[in-house]
Amino acid sequence: MSLETMEPNPAWNADSYPDAIGTIERLADELEVTVWGADWCGDCRAVLPDFAAALDAAGLDDEQVEVYAIEKADDGSKRGPGVEEYGIERIPTIVIERNGIEAARFVETEPEPAITFLAEQLDAPQTPT
């Protein structure tokens, strides 16, 4: 992983998030996680260490997690791998693909932890496209 902010928070307590961790564990074989962030980003420093700890607690393999370091252009736009393809405008952005299809997305901040927010999306009934 290429971001210091993706180093798992050692103080994070998996026992506080049994449902979210259970969802990731149950679906682990179907998931690919992509994270866009930056060590200079305050929101990334606040969100990503706990998210990384949650992925570890759920036993997700490092090979299933792709992390991209983003640069900020003078105009405030974001630059880096996959930015245009995935429409990345704010960071951190976390995309979870399930069997190759985007199933969950967390962007910048939410009123609940990233792992909970994403797990709820993964647990939502799937609608055919």
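The values are calculated or read from the model by the stated rules, or taken from the named source; none is laboratory data. As the structure is a computational prediction, the values presented were derived from the model and not from experiment. Methodologically, a virtual Cβ is constructed for each residue, glycine included, from the backbone with ideal geometry; neighbour enumeration extends over all protein chains shown.
Details
- Residue satisfying all of: in the range 64-76; touching a strand residue (DSSP E or B) at 6+ places or on another chain (Cβ under 9 Å) and free of Cβ contacts under 8 Å to residues at least 60 places away in the same chain; surrounded by the fewest Cβ atoms within 10 Å (Cβ to Cβ) among these: 73
- Checklist (1) touching a Phe, Trp or Tyr at 6+ places or on another chain (Cβ under 9 Å); (2) over 22 Å from residue 2 (Cβ atoms) applied to residue 23, failing item: (1)
- Qualifying residue in the range 38-59 (condition: modelled with pLDDT of 95 or more, of a type in the set (Phe, Trp, Tyr) and over 14 Å from residue 4 (Cβ atoms)): no
- Restricting the range 77-100 to residues that are assigned to a strand (DSSP E or B) and more than 15 Å from the chain's Cα centre (by Cα), the residue that is surrounded by the fewest Cβ atoms within 10 Å (Cβ to Cβ): 79
- Number of residues in the range 118-129 that are at pLDDT 95 or above, touching a helix residue (DSSP H, G or I) at 6+ places or on another chain (Cβ under 9 Å) and surrounded by fewer than 21 Cβ atoms within 10 Å (Cβ to Cβ) equals 2.
- Out of 5, 34, sole residue that is among the β-branched types (Val, Ile, Thr) and over 24 Å from residue 124 (Cα atoms): 5
- Residue count for the range 1-60 under the criterion of being free of Cβ contacts under 8 Å to residues at least 24 places away in the same chain and not in a helix (DSSP H, G or I): the result is 2.
- Any hit, the range 102-114, residues being touching a residue at least 40 places away in the same chain (Cβ under 8 Å) and touching a Gly at 6+ places or on another chain (Cβ under 6 Å): no
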